[in-house]
1. Return yes when Asn134 is out of contact with any Ser or Thr (no Cβ under 8 Å at 6 or more places or on another chain), open to solvent by 50 Å² or more (accessible area, probe 1.4 Å) and not acidic (Asp, Glu) and no when it is not.
2. Given the conditions (1) crowded, with 20+ Cβ neighbours inside 10 Å; (2) touching a Leu at 6+ places or on another chain (Cβ under 6 Å), report the number of the one that Ala252 does not fulfil.
3. Kindly provide the set of residues from the stretch 334-349 that are open to solvent by 50 Å² or more (accessible area, probe 1.4 Å) and without any contact (Cβ under 8 Å) to a residue 40 or more places away in the chain, ordered by number.
4. Could you check, for the stretch 329-341, whether at least one of its residues is assigned to a loop (DSSP other than H, G, I, E, B) and under 20 Å from Phe109 (Cβ atoms)?
5. Report the residue count in the stretch 191-222 for those that are open to solvent by less than 80 Å² (accessible area, probe 1.4 Å), part of a loop (DSSP other than H, G, I, E, B) and free of Cβ contacts under 8 Å to residues at least 24 places away in the same chain.
6. If I filter the stretch 54-68 for residues that are at negative phi, exposed (fewer than 14 other Cβ atoms within 10 Å of the Cβ), more than 19 Å from the chain's Cα centre (by Cα) and at pLDDT below 90, do I get at least one hit?
7. Test Tyr274 against the stated conditions and say whether it is in contact with a Lys or Arg (Cβ under 9 Å, 6 or more places away or on another chain), surrounded by fewer than 18 Cβ atoms within 10 Å (Cβ to Cβ) and not hydrophobic (A, V, I, L, M, F, W, C).
8. Are there any pairs with C-beta distances below 6 angstrom linking a residue in the stretch 242-268 that is part of a helix (DSSP H, G or I) to a residue that is of a type outside the set (Lys, Arg), with the two at least 6 apart or on different chains, and if so which?
Amino acid sequence: MRKLYFFFFILFTHSLSVSSQSDAEGKNRFKFIEIKSNYGAFLYSDNSLGQSGLLDQGYGAVSVKLGWQPTDPEGWASRYGYPSYGIGLYSGFLGDARVYGNPNAIYGFMNFPISGSHRRNVFSIEPSVGLTYNLNPFDSQENPLNEAIGARMAVYFNIDFGFAYKFTRELDLLYGFDFSHFSNGATFTPNNGLNLYGINLGVRYHYNASQFSKNKDPFTDDVLPARFKRPSKSPRDKTRESAISFYVAGGASQRDQDQGTNTLFGVFSAVVDYEHQFNEMHGITGGIDLFYDNRLRQIETSERPQLGAHIGYDFMFHKLAVKFQIGTYVGDDKGKGGFFMRPALRYNISKLVFAQIGLKTLNGGAADYIEYGIGIRPFKW
């Protein structure tokens, strides 16, 4: 907890110093600080996790966030209802700490308001993605009971369906329901993962960072607005575009028989996609995949490549795109099942080059491996 508060203090003081140095006179810069507690239980991805009784105590956590509220009516956020975004730190416990550890996570989040700006009680959807650490991984000698996580670090994913009640000029009361997932993407086994669901309660304090450069007198009546009032309507971008993209990715993963060791095998993907963008927010994709998996040691090297085909949907905002693809193998699936999925996050470095991280799955939902890749979009029309 001391690390959590120290991290929060550094973010807060840095935010104030940057604002005081760079804010123009009279320009509003809306920010907020949030603290939230989480309580809940587990959805078991494997029957053995439920039968062990090690997770019967449920979970608890506290998170602290520092957020920014964009306000530019000509900027990217105006087309999405002015979502806020920021960074946070999570600290909690998962059932028996001797088996699973006490996980911490650092993550980025984006809060999309759904209710109208005139409402006092606002509903929003907030996805978060980050990195979890301080886990106690499976070890055949030291920790054989942990059948959920095989590594000390994992990906943290959370989606919150929450409400913010505008209690005062600066303060929101927060409550909602959320779902969290911890997984290392089968980089190390076992990787049944941990799925958490529960309720959350908290408070959010809004402030205008420009106040510190405008008037530092703590007793002044010359006060800037503390929070941003979203316009009732947002402009829509109707840009249409088609493109051909090329993407190559690699990763490392482990076989089930190697769990508890540091033995890893290289895995690779190559994708050619047709992409159609309906507007600034929505798009569809379709293409072919070439996979190569060195874990298939029992198969001759020349026979390890697999061919696949997929279709998908893209949700885009600013320089990021959240991608979801579903596909199948052409020919022998080599024991990987009838279809696969690829949820991924893309960052557009430029109009030509992008970086992407995704999760390729086995026969639907089980993790196969994490892809780390780079691509180009050379042909557009």
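The values are calculated or read from the model by the stated rules, or taken from the named source; none is laboratory data. Just so it is clear, the model here is predicted, and its values are computed rather than measured. Every residue, glycine as well, gets a Cβ built from its backbone with ideal geometry; the counts of neighbours run over all protein chains shown. Note: areas computed on protein heavy atoms with side chains; ligands, DNA, RNA excluded. Shrake-Rupley method; radii C 1.70, N 1.55, O 1.52, S 1.80 Å.
1. On the way: out of contact with any Ser or Thr (no Cβ under 8 Å at 6 or more places or on another chain): yes; open to solvent by 50 Å² or more (accessible area, probe 1.4 Å): yes; not acidic (Asp, Glu): yes.
So Asn134 fits the description; yes.
2. So the condition that Ala252 fails would be (1).
3. We begin by selecting, within the stretch 334-349, every residue open to solvent by 50 Å² or more (accessible area, probe 1.4 Å); these are 335, 339, 343, 345, 347, 349.
The answer is Gly335, Phe339, Pro343, Tyr347, Ile349.
4. Restricting attention to the stretch 329-341, the residues satisfying the condition of being assigned to a loop (DSSP other than H, G, I, E, B) are 331-338.
Then drop every residue that is not under 20 Å from Phe109 (Cβ atoms), which leaves none.
No; the residues of the stretch 329-341 include none that is assigned to a loop (DSSP other than H, G, I, E, B) and under 20 Å from Phe109 (Cβ atoms).
5. Qualifying residue count for the region: 4.
6. Among the residues of the stretch 54-68, at least one is at negative phi, exposed (fewer than 14 other Cβ atoms within 10 Å of the Cβ), more than 19 Å from the chain's Cα centre (by Cα) and at pLDDT below 90, which makes the answer yes.
7. Working: in contact with a Lys or Arg (Cβ under 9 Å, 6 or more places away or on another chain): no; surrounded by fewer than 18 Cβ atoms within 10 Å (Cβ to Cβ): yes; not hydrophobic (A, V, I, L, M, F, W, C): yes.
So Tyr274 does not fit the description; no.
8. That search, which allows pairs on different chains as well, returns Asp256/Thr189.
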